[in-house]
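Some notes on the structure that comes next.
The values are calculated or read from the model by the stated rules, or taken from the named source; none is laboratory data. Everything numeric in this text was worked out from a predicted model, so none of it was measured. Cβ coordinates were reconstructed from backbone atoms using ideal geometry, including for glycine residues, and neighbour counts include every protein chain displayed. Only protein heavy atoms, including side chains, enter the accessible area calculation; ligands, DNA and RNA are left aside. Shrake-Rupley method; radii C 1.70, N 1.55, O 1.52, S 1.80 Å.
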Amino acid sequence: NVLYRRHHKLVLYTHESMKAFTLIELIIVFALIGVLTSLGIASYAAYNGTQSVQVAAADMQNILRTAQSRSISQVKPASCGTNALTGYQVDITVNNQAYTLSAMCGTKQVIANKLLPAQVLFATGSTTSVFFALGSGTVANAATITVSGFSKTKTITVSQTGSISVN
């Protein structure tokens, strides 16, 4: 028995009148916390996968725009030496998850090598080479590059006029 003072009155509480959580109530609360935590982790993993594919597509779009910009501005890398610059090219290796930006001046002069994030791939059937002509920034043939992973897909398209978009 416990004696408390409450609002200027003495109140006697017995052990029977004091409330506590039962073991079953505690187990239910912890089970609900576990289920909510699992759902949160699964949602985060799905979001993270979606972001990986979006970032990979954006990086691919950026390297294509860099190649196009350099071909329009006719920036000639020092590695070309006295060889004539004809344009810039982006090559992808489907099996290797890699892509390369190169200046085309007699021989291919690699400017940048990039890799896709883990578990993100170039889809089979993607265009493996996009060449931007010097001065105009246009391409001879339209190109389609598909990046996929985590059950998500992004397609980068390059029109013959040089327009680059991601869907």
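Give the residues of the range 48-95 that are touching a residue at least 60 places away in the same chain (Cβ under 8 Å), more than 23 Å from the chain's Cα centre (by Cα) and surrounded by fewer than 16 Cβ atoms within 10 Å (Cβ to Cβ), sorted by residue number.
The answer is Ser69, Gln74.
Could you run through the range 18-36 and say how many residues are of a type outside the set (Phe, Trp, Tyr), open to solvent by 70 Å² or more (accessible area, probe 1.4 Å) and not in a loop (DSSP other than H, G, I, E, B)?
Looking only at that region, the number is 11.
Take Thr161 and tell me if it is closer than 25 Å to Ala46 by Cα and of a type in the set (S, T, N, Q).
no
What about Lys152, is it open to solvent by 70 Å² or more (accessible area, probe 1.4 Å) and without any contact (Cβ under 8 Å) to a residue 40 or more places away in the chain?
Working: open to solvent by 70 Å² or more (accessible area, probe 1.4 Å): yes; without any contact (Cβ under 8 Å) to a residue 40 or more places away in the chain: no.
No: the conditions fail for Lys152.
Of everything in the range 130-162, what is among the polar types (S, T, N, Q) and more than 22 Å from the chain's Cα centre (by Cα)? Give them in sequence order. Break it down into steps so the answer makes sense when it comes.
Of all residues in the range 130-162, those among the polar types (S, T, N, Q) come to 136, 138, 141, 144, 146, 148, 151, 153, 155, 157, 159-161.
Within the range 130-162, Ser136, Thr138, Asn141, Ser159, Gln160, Thr161 qualify.
Name every residue in the range 102-142 that is of a type in the set (A, V, I, L, M), touching a Leu at 6+ places or on another chain (Cβ under 9 Å), in a strand (DSSP E or B) and open to solvent by less than 70 Å² (accessible area, probe 1.4 Å), in order of residue number.
If the condition is that a residue be of a type in the set (A, V, I, L, M), touching a Leu at 6+ places or on another chain (Cβ under 9 Å), in a strand (DSSP E or B) and open to solvent by less than 70 Å² (accessible area, probe 1.4 Å), then Ala103, Met104, Ile111, Ala112, Val130 are the ones that fit.
Any residue in the range 117-141 that is in contact (Cβ under 8 Å) with a residue 40 or more places away in the chain sitting within a Cβ distance under 7 Å of a residue that is aromatic (Phe, Trp, Tyr) and open to solvent by 30 Å² or more (accessible area, probe 1.4 Å)? List the pairs, counting only those 6 or more apart or interchain.
As it stands, the answer is Gln119/Phe150, since those pairs meet every condition given.
Give just the number: which of (1) in contact with a Phe, Trp or Tyr (Cβ under 8 Å, 6 or more places away or on another chain); (2) within 25 Å of Gln160 (Cβ to Cβ) does Val120 not satisfy?
With (1) in contact with a Phe, Trp or Tyr (Cβ under 8 Å, 6 or more places away or on another chain); (2) within 25 Å of Gln160 (Cβ to Cβ) applied to Val120, the lone miss is (2).
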